[in-house]
Amino acid sequence: MKATICALIDNPGEVELTESWLEANRKVLCFVSEQNACGCCVMGWDIEGPDEIVSTLPNHISASSKWTSS
């Protein structure tokens, strides 16, 4: 399953939550992109992995993208 992660820097704890989720699941994900958003106000990653892992991604940091629609 593919997913895009979008963490807003202005939302307290959102980047930390995202980085913790990525760290906890990195070994079972088959793809994690480099951080691909501007980095000044938004942090973003494209990921791919087993449905049962990707489905645990919190909804408020999940986003639609070209990656998820391909």
Notebook entry, point to check: Just one of the numbered conditions (1) open to solvent by 70 Å² or more (accessible area, probe 1.4 Å); (2) in contact with a Ser or Thr (Cβ under 7 Å, 6 or more places away or on another chain); (3) among the charged types (D, E, K, R) is not true of ASP46; which one?
Noted result: (1)
Notebook entry, point to check: Residues in the range 20-37 that are open to solvent by 40 Å² or more (accessible area, probe 1.4 Å) and either without any contact (Cβ under 8 Å) to a residue 12 or more places away in the chain or touching a helix residue (DSSP H, G or I) at 6+ places or on another chain (Cβ under 6 Å) (or both): how many?
Noted result: 9
Check: List pairs: first in the range 56-70 and closer than 22 Å to VAL28 by Cβ, second open to solvent by less than 30 Å² (accessible area, probe 1.4 Å) and of a type in the set (Ser, Thr, Tyr), Cβ under 7 Å, 6+ apart or cross-chain?
Finding: ILE61/THR18; ALA63/THR4; SER65/THR4; TRP67/THR4; THR68/THR4
Notebook entry, point to check: Among the helices (runs of 4 or more DSSP H) confined wholly to the chain, which include 3 or more residues that are at pLDDT 95 or above?
Noted result: 14-25, 51-54
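For ILE53, indicate whether it is within 10 Å of the chain's Cα centre (by Cα), of a type outside the set (D, E, K, R) and open to solvent by less than 90 Å² (accessible area, probe 1.4 Å).
Values: within 10 Å of the chain's Cα centre (by Cα): no; of a type outside the set (D, E, K, R): yes; open to solvent by less than 90 Å² (accessible area, probe 1.4 Å): yes.
So ILE53 fails the test.
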Margin query: Of everything in the range 3-19, what is free of Cβ contacts under 8 Å to residues at least 24 places away in the same chain, open to solvent by 70 Å² or more (accessible area, probe 1.4 Å) and over 12 Å from the mean Cα position of the chain (by Cα)? Give them in sequence order.
Written below: PRO12
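The values are calculated or read from the model by the stated rules, or taken from the named source; none is laboratory data. Remember, it's a predicted structure, so these values are computed and weren't measured experimentally. Here Cβ is always computed from backbone atoms with ideal geometry, including for glycine, and neighbour counts include all displayed protein chains. To get the accessible areas, we keep the full protein, side chains included, count just its heavy atoms, and leave off ligands, DNA and RNA. Shrake-Rupley method; radii C 1.70, N 1.55, O 1.52, S 1.80 Å.
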